Amino acid sequence: MESIYAEAARIAGRAVTRADEKPRFDWDRAIDRVVTSRLFGFPILFLLFTLIFWITIAGANVPSGWLAALLLDKGHPLLKGLAAGVSLPWWLDGILIDGIYLATAWVVSVMLPPMAIFFPLFTLLEDFGYLPRVAFNLDNLYRKFGAHGKQSLSMMMGFGCNAAGVIATRIIDSPRDRLIAILTNNFSLCNGRWPTQILLATIFLGALVPPVLAGLVSALSVVAVALLGVALSLAVSWGLSRTLLRGEISTFSLELPPYRPPRILQTIYTSIIDRTIFVLWRAIVFAVPAGAAIWLSANLRFAGASLAEHLIRFFDPFGVVLGLNGVILLAYVVAIPANEIVVPTILMLTVLATGTSGVGAGAGVMFELESASDTLDLLKAGGWTLLTAVNLMLFSLIHNPCSTTIYTIYKETGSRKWTAVATLLPVAMGFLVVFLVAQVWRIAGG
C-alpha cells in the first residue's frame, strides 16, 4: 500500500505545478516543445530522415561491395568452374548459374545491407519514443487528405522496403484507413529503387552542371523524386477516400510515451530477424524463377533472334511513345521480383539489343559496369537521351510493386481485388505520367 502511495506522489510531483512553486523541469516536455512544435517539428523530421537515408545509402555501399565481390566476382566463376568440371550441359549451367544464381546473388548483395542498416535505425527511433511524435506532427496533414495519421509511419517504413511498409500498416486499427495505407505504400521510394535513381541522376543530371555542383544536383534530384512520391501518396489517399473507400476517418488516441534510451542490441536483433531476414527470404523466393526467365528469354532463339530481342522490338514503339524504350519495358517485366535487378537487366538487354561486343559476360548474364562513364556510353549506344533518364526516374517511382510486395499485400488484405488495385493503379499512373512528360518535352523541343 505504501508503495502505491509513493508512486502516486511521484507522478503527482511530476505532473502538478502549484502556484507558489517554480515549475519542475521535465526533459520530456522540454524535448517535446521542440520536436512537436510547428516551427521546428517538420525541419527536424526532414533532417533526421535525410540523415538516416544518407547513412543507409552510404553505409550500405561497403558491405554491398563485399557481398558482390564474394557472391559475384568469386562465387560465380567458382560455380562455373565446378559446372565445367562435371561437364554440366550448357543449358543447365546457364539456367542454374547464369540465371538463378546471379539473380539471387544480386538481390542478396544489393538488398541485404541497406535493410540491415535502415530497419534497426528506424526501430531505434521507435524505441527512443520519436516515431509517435512523427505521427503526432503529420496527423493533421494526413487527415486533410483523408488518411490516418499513423499512415505516415508505414510510409516511412516503406522507404526501407514496401513489403515491410505494408506489414507496418497493422498499427492502424480501422480496416478502411489501413487499406488506404496499403494501396499507397508503393509510392515510398524503397531501397531497391534508390540505386537506379542515384545512378541516373549522377550520369545524366549531374553531367548538366559544372563538376563542383554535380553531386549537389544529383542528390537534390533524387530527393525531389522521393518527395514527389510522398505527394502522390497523399493525392491517391485523397482520391481513394472520396471514391472507392469513401467514409469517415477513424479517430485514435495517440499516447506520447516518455523518451528512453534505446535498447540497441535487442533492437538490432529483432530488426534483423523480424524484418530483414523475413523480407529478404521472400525476395529470394521470387528471384529464383525470375533469374531462370531472364536467362531463357536471352537464350531461347527462333527466327534468327532471341526471345528477348523479339520482345524488345515488340515493346520498342510503345516505349518510345512513353519516352522510354523496349529494353526498359522488358526489364520491368522480367525483373518484377526485385527492383534491385532492374539496372543489371537493362544493361544485359542493352548489350543484347545493340550487339555490343566486349561488354558483359554473355547472353542472359546480368552485370554492372564499374565506371559511370562506361555505363553512360553503353546506354547512349542503346539510344538513351536525357528524356529517357528523366522518365525512367519517374517510372521507377511510379510503377507496379515488386512481386514480394504484391504477395505481401495479398497476404495482408486476403483480397485478389485489392491486390489487383494495388498492382495496376501505380503502373497505370506511371504510364500516364511518363507519357505526358514525353509529349511536353517533345513539344518544348527537348
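The values are calculated or read from the model by the stated rules, or taken from the named source; none is laboratory data. Not measured: the values here are computed from a predicted model. Don't worry about glycine lacking a Cβ; one is built from the backbone with ideal geometry, like all the others, and counts go over all protein chains shown. The area values use the complete protein model at the heavy-atom level, side chains included, leaving out ligands, DNA and RNA. Shrake-Rupley method; radii C 1.70, N 1.55, O 1.52, S 1.80 Å.
Observations on the model:
- Remark: residue 186 matches the filter, which requires a residue to be crowded, with 24+ Cβ neighbours inside 10 Å, touching a Leu at 6+ places or on another chain (Cβ under 9 Å) and over 24 Å from residue 34 (Cα atoms).
Table: residues versus (1) in contact with a strand residue (DSSP E or B) (Cβ under 9 Å, 6 or more places away or on another chain); (2) in a helix (DSSP H, G or I); (3) within 30 Å of residue 378 (Cβ to Cβ); (4) not acidic (Asp, Glu).
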| residue | (1), (2), (3), (4) |
| --- | --- |
| 135 | no, yes, no, yes |
| 141 | no, yes, no, yes |
| 154 | no, yes, no, yes |
| 166 | no, yes, no, yes |
| 173 | no, no, no, no |
| 190 | no, no, yes, yes |
| 197 | no, yes, yes, yes |
| 215 | no, yes, yes, yes |
| 223 | no, yes, yes, yes |
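- Within segment 1-88, helices (runs of 4 or more DSSP H) holding 3 or more residues that are touching a Phe, Trp or Tyr at 6+ places or on another chain (Cβ under 8 Å): 27-35, 41-68
- Among the residues listed as 431, 435, 395, the single one being modelled with pLDDT of 90 or more, in contact with a Gly (Cβ under 7 Å, 6 or more places away or on another chain) and either in a helix (DSSP H, G or I) or surrounded by 21 or more Cβ atoms within 10 Å (Cβ to Cβ) (or both): 395
- Matching residues, segment 299-318, being over 21 Å from residue 387 (Cα atoms) and touching a residue at least 40 places away in the same chain (Cβ under 8 Å): 299, 306, 308, 309
- Cβ-Cβ under 9 Å pairs, at least 6 apart or on other chains, segment 319-332 side touching a residue at least 60 places away in the same chain (Cβ under 8 Å), far side open to solvent by 10 Å² or more (accessible area, probe 1.4 Å) and among the acidic types (Asp, Glu): 325/316
- So residue 357, is it outside any loop (DSSP other than H, G, I, E, B), modelled with pLDDT under 90 and surrounded by fewer than 20 Cβ atoms within 10 Å (Cβ to Cβ): no
- Enumeration of residues in segment 360-383 that are within 19 Å of residue 333 (Cβ to Cβ) and either modelled with pLDDT under 85 or aromatic (Phe, Trp, Tyr) (or both): 363, 364, 365, 366
- Residues satisfying the stated conditions in segment 143-152, i.e. among the charged types (D, E, K, R) and either touching a Leu at 6+ places or on another chain (Cβ under 6 Å) or assigned to a helix (DSSP H, G or I) (or both): 143, 144
- Hey, residue 225 within 28 Å of residue 179 (Cβ to Cβ), surrounded by 18 or more Cβ atoms within 10 Å (Cβ to Cβ) and touching a helix residue (DSSP H, G or I) at 6+ places or on another chain (Cβ under 9 Å) or not: yes
- Residues satisfying the criterion are absent from segment 120-132 (criterion: touching an Asp or Glu at 6+ places or on another chain (Cβ under 8 Å) and not in a helix (DSSP H, G or I)).
- Test: residue in segment 240-248 that is at pLDDT below 80 and touching a helix residue (DSSP H, G or I) at 6+ places or on another chain (Cβ under 7 Å): yes
- Subset of segment 26-47 that is within 14 Å of residue 259 (Cβ to Cβ) and open to solvent by 100 Å² or more (accessible area, probe 1.4 Å) - its residue that is modelled with the highest pLDDT: 33
- Checklist (1) more than 22 Å from residue 410 (Cβ to Cβ); (2) of a type outside the set (Phe, Trp, Tyr); (3) open to solvent by less than 10 Å² (accessible area, probe 1.4 Å) applied to residue 181, failing item: (1)
- Scanning segment 55-111 for residues that are of a type in the set (Lys, Arg) and loosely packed, with under 13 Cβ neighbours inside 10 Å yields a total of 1.
- Counting the residues of segment 416-428 that are touching a residue at least 12 places away in the same chain (Cβ under 8 Å) and either surrounded by 13 or more Cβ atoms within 10 Å (Cβ to Cβ) or charged (D, E, K, R) (or both) gives 8.
- Residues of segment 131-177 classified as open to solvent by 10 Å² or more (accessible area, probe 1.4 Å), within 30 Å of residue 337 (Cβ to Cβ) and of a type in the set (D, E, K, R), total: 2
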